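Single-structure report; data block below.
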Amino acid sequence: MRIHYLQHNDYVLPGNIIDWANNNNYKLSYTKFYQTYSLPKHSEYDLLIILGGTMDVFEEDKYSWLIKEKVFILEAINANKAILGICLGGQLLAEVLGAKVYKNKQQEIGWFPITKKNNHPLLQNLNTELEVFLWHNYIFDIPKNTLPVLEGKFSFNQGFVYKDNVIALQFHPEMNIEGLKSLLENTNSNIQISDTVQSPNSFLQKKKNFEQQTKWMFGLLDNLIRTIN
């Protein structure tokens, strides 16, 4: 099985996706847009994972590669590829499917609960409720002809499924402690504690949350693999 991921910042890491791929002896490849990059042919991978990033979907003048990335993502959808989009990746999926992406009323950083809104095979055997890690300023509307599957406390739309093999998430189930430390080292100055922004000391200490979220992520990725013919 061949896994390809799209990475937007050197400090926004694939996290536990690497562990999952290694545990299953899956082949990993990547496109790192912050370096000299190339995109694979769609025949060269089985599962596409679109990671988060600090840029916004509309910043094409600042990050010109966003234009090519959006074309690539739409091509992957039309090629019926299994796809997972995380945070910025989920927003990119929403945009190419015709939905609005816009600034949220409040920033969200920390551990917050999500709940299943609708059942779907991609979420089978996964917790109905789970505390997940969020770090975002922007959110997406649910595109037409998709199924909203997850909802949150402050940002209601937390996930949708398209054509049974494409799933977009607003939160970060790939996040492990190492990945969060990497993110904090580069963006810690942006954190202002509020009702929706927790302190780094508090969310770094939640070892059980990381463990449960990783288990959930592995289950989701296993379910995505089952959609591949």
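The values are calculated or read from the model by the stated rules, or taken from the named source; none is laboratory data. These numbers were taken from a predicted model, which means no experiment stands behind them. All Cβ positions, even for glycine, are placed from backbone atoms using ideal geometry, and neighbour counts span all protein chains on display.
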Margin query: Only one of Gly89, Gly85, Gly98, Gly52 is on the phi > 0 side of the Ramachandran plot and of a type in the set (Gly, Ala, Ser). Can you tell me which?
Written below: Gly98
Note to self: Cβ contacts < 6 Å: first residue within 13 Å of Met217 (Cα to Cα), restricted to segment 1-30; second residue not hydrophobic (A, V, I, L, M, F, W, C), any location; separation 6+ or different chain. Result?
What the structure shows: Pro14/Tyr5; Gly15/Glu174; Gly15/Asn176; Gly15/Gly179; Asn16/Glu174; Asn16/Asn176; Asn16/Thr214; Ile17/Glu174
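Rundown of residues vs (1) within 25 Å of Asp222 (Cα to Cα); (2) modelled with pLDDT under 95, yes/no style:
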{"residue": "Leu66", "(1), (2)": "no, no"}
{"residue": "Val71", "(1), (2)": "no, no"}
{"residue": "Ala76", "(1), (2)": "yes, no"}
{"residue": "Ala79", "(1), (2)": "yes, no"}
{"residue": "Ile83", "(1), (2)": "yes, no"}
{"residue": "Asn104", "(1), (2)": "no, yes"}
{"residue": "Asn118", "(1), (2)": "yes, yes"}
{"residue": "Pro121", "(1), (2)": "yes, no"}
{"residue": "Asn127", "(1), (2)": "yes, yes"}
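Name the helices (runs of 4 or more DSSP H) wholly inside segment 1-103 in which the number of residues that are farther than 29 Å from Asn145 by Cα and touching a helix residue (DSSP H, G or I) at 6+ places or on another chain (Cβ under 6 Å) is 2 or more. Please lay out each step first, then the result.
Values: elements: 16-23, 65-78, 88-96.
The helices (runs of 4 or more DSSP H) meeting that bar are 16-23.
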Notebook entry, point to check: Of the numbered conditions (1) at pLDDT 95 or above; (2) crowded, with 20+ Cβ neighbours inside 10 Å; (3) in contact with a Ser or Thr (Cβ under 8 Å, 6 or more places away or on another chain), Ile109 satisfies every one except a single condition; which is it?
Noted result: (1)
Margin query: I'd like to check which helices (runs of 4 or more DSSP H) are fully inside segment 120-229 and have at least 2 residues that are among the basic types (Lys, Arg) and free of Cβ contacts under 8 Å to residues at least 40 places away in the same chain.
Written below: 207-225
Next item on the list: Could you look through segment 8-51, keep only residues that are more than 19 Å from the chain's Cα centre (by Cα) and of a type in the set (Phe, Trp, Tyr), and pick out the one that is surrounded by the most Cβ atoms within 10 Å (Cβ to Cβ)?
Entry: Tyr26
